[in-house]
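The values are calculated or read from the model by the stated rules, or taken from the named source; none is laboratory data. Predicted, not measured: the structure shown is a model, and the values here were computed from it. Glycine also receives a Cβ, built like all others from the backbone with ideal geometry; neighbour counts cover every protein chain displayed.
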Amino acid sequence: MLNDRYTLAFKLYPYKKTADQEAKKPARHQVVVVGGGPIGLATALDLGRQGVSVLVLDDHEGVGQGSKAICFAKRTLEIADRYGCGSAMVEKGVVWNVGKVFQDDRQVFEFNLQEESGHRNPAFINLQQPYFEKFLFEQICKEQAAGAPIEIRGKNRVDDIDTKDTHSTLQITTPDGPYSIEADWVIACDGASSPMRSMMDLDFEGRVFQDNFLIADIKMKNNTFPTERWFWFEPYFKSGASTLLHKQPDDVWRIDFQIGWNIDRKKELKEENIRARLDAMLGDDVEYEMVWSSIYTFQCRRMKKFRHNRVIFAGDSAHQVSPFGARGANSGIQDVDNLGWKLGMVVKGQAPASLLDSYNVERVHGAQENILNSTRATDFITPKSKTSHAFRNAVLSLAEKYEFARPLVNSGRLSVPCVYKNSPLNGPDLLANGPQLTRVGSACVDAPFGDDYLLSQLGDDFAILAINTNAPEPLELDGLKIKSITASSSDDPSGMLAKRYLGKAATAVYLIRPDQHVVARWETYDESALGAAVLKACGKGQ
């Protein structure tokens, strides 16, 4: 159900006829993205900023309705900063770092996701997905005005795909009838039910959980809840087996009720029944308006492979997890971040197509890690036997008094960036006593850097970071430009850079990929070692 007064729907790219629909033979495009959700728009933005021609086909004309994904992690905000829309997200979003866990009517414990300072972005913001999509679209418009070759076509539904070794042919339906185009590369970002996946006779592997959760988004101004993540196990107000509460922008609050497996969905979605649950939780004196509601059954599943020659899957079309831990949209954006620079290099002739196999290796690893964490959270939240239920409650009881038990409590371990520890692109890790936080394969951690922050200095190119040691001027290797950044104690007044990148080492040299993951690190600069690591990271060397 939906309250039209607070519908977050933006008609951003209304349908209009194009020359492709009148062409005598199918027009050829470099990259076609299927799906105009957050993952599709981010993919177009990433590629377009590199000068890669990209066409987005969406069966709607803009952003959809309902809040959908609301939790965006620090890593997503860092990626969005590079794309140019991170500050808009933080400005609109609700910033939070503190979470509290309850059982019945008592608080078990609380946690702070970012106790340490020295980061540009917060640990998390809450922001309705339509806003995120709108900010991505607005940035696309800015990039288009600056010459980025990005096109979005609304009301263009892909109905069939014929894949070949060198390209694919897409059959598209519009209000003016069908037409066909060809694409060198196709990126499927068409969501959990992915028609593209079905067209190619591909499927998921994994597990569907026999439980249902009711989402209720409500608008309320006069309340006593702070801006924190609150989770109840077996809540005293009896509105569900568990309940999750989050604040969103515009005085909208997201509440998730765990309501069981054998339910009558139509009955549960009736407004009077939703209000009965809400009233039991909030009390009769809290006034609110219904904004949006839905019921979801979650699953932890993924495709066996994300790359199928010249068709590549990203986001929910490739993998799905439960919403606990905020791994859906966040992991999808990490897919884009991983794929974008690689496909850009391949299209521009800077790397072999085999580089894209590393997208499959790294992001399947990321999806599997997310599925593992999500499954563990789901099993803890929804125990499937008397024994597991007794264990869960014993852990909660101990966690109230004893710190050792708190890591065992799992109300949805929140999303963190994946470490590509076994990536075929990784070089050597030869920094003795270097910190684990920034080991090879990890995403770079932000830190104050002079009057700015490190990640802003890195940008989205290959980069060398040299700390307390010499490094070359910006150089070009095999046609690839590599940025060079030198840091000393004068650039690190807070000491955070040294803590996060030196550890106990006196000097360090890092090679960093365009998606800001660490390729290799050494104590001092070695031109030959660096060259070998760069070639390997581009899929050109061993």
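Summary table
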item	result
Which numbered condition S322 fails, given (1) buried (at least 21 other Cβ atoms within 10 Å of the Cβ); (2) over 30 Å from P235 (Cα atoms)	(2)
Hey, I215 in contact (Cβ under 8 Å) with a residue 40 or more places away in the chain, closer than 21 Å to K100 by Cβ, β-branched (V, I, T) and not in a loop (DSSP other than H, G, I, E, B) or not	yes
Test: residue in the range 393-409 that is outside any helix (DSSP H, G or I), touching a residue at least 40 places away in the same chain (Cβ under 8 Å) and touching a Leu at 6+ places or on another chain (Cβ under 8 Å)	yes
Members of the range 95-122 found to be aliphatic (A, V, I, L, M) and buried (at least 20 other Cβ atoms within 10 Å of the Cβ), listed by number	V101, V108
Residue identified as in contact with an Asp or Glu (Cβ under 6 Å, 6 or more places away or on another chain) and not aromatic (F, W, Y) among G340, G366, G328	G340
Residue under evaluation S242, criteria (1) out of contact with any Lys or Arg (no Cβ under 9 Å at 6 or more places or on another chain); (2) surrounded by fewer than 21 Cβ atoms within 10 Å (Cβ to Cβ), criterion not met	(2)
Elements of type strands (runs of 3 or more DSSP E) contained in the range 420-511, each with 1 or more residues being under 19 Å from Y525 (Cα atoms) and touching an Asp or Glu at 6+ places or on another chain (Cβ under 7 Å)	480-487
Any hit, the range 260-277, residues being modelled with pLDDT under 95 and touching an Asp or Glu at 6+ places or on another chain (Cβ under 9 Å)	yes
Which listed residue is in contact (Cβ under 8 Å) with a residue 40 or more places away in the chain and on the phi > 0 side of the Ramachandran plot, from G315, G349	G315
Residues within the range 156-199 that are modelled with pLDDT under 95 and exposed (fewer than 14 other Cβ atoms within 10 Å of the Cβ), tallied	1
Residue within the range 18-40 that is in a strand (DSSP E or B), under 15 Å from Y131 (Cα atoms) and either at pLDDT below 95 or out of contact with any strand residue (DSSP E or B) (no Cβ under 6 Å at 6 or more places or on another chain) (or both) present	no
Hits in the range 200-227 - residues which are surrounded by 20 or more Cβ atoms within 10 Å (Cβ to Cβ) and more than 20 Å from Q299 (Cβ to Cβ)	A216, D217, I218
Residues (in a helix (DSSP H, G or I) and not aliphatic (A, V, I, L, M)) located in the range 380-392	F380, K386, T387, S388, H389, F391, R392
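Here's the yes/no breakdown for (1) hydrophobic (A, V, I, L, M, F, W, C); (2) modelled with pLDDT of 95 or more:
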{"position": "R5", "(1), (2)": "no, no"}
{"position": "K11", "(1), (2)": "no, no"}
{"position": "E61", "(1), (2)": "no, no"}
{"position": "G66", "(1), (2)": "no, no"}
{"position": "D81", "(1), (2)": "no, yes"}
{"position": "V90", "(1), (2)": "yes, yes"}
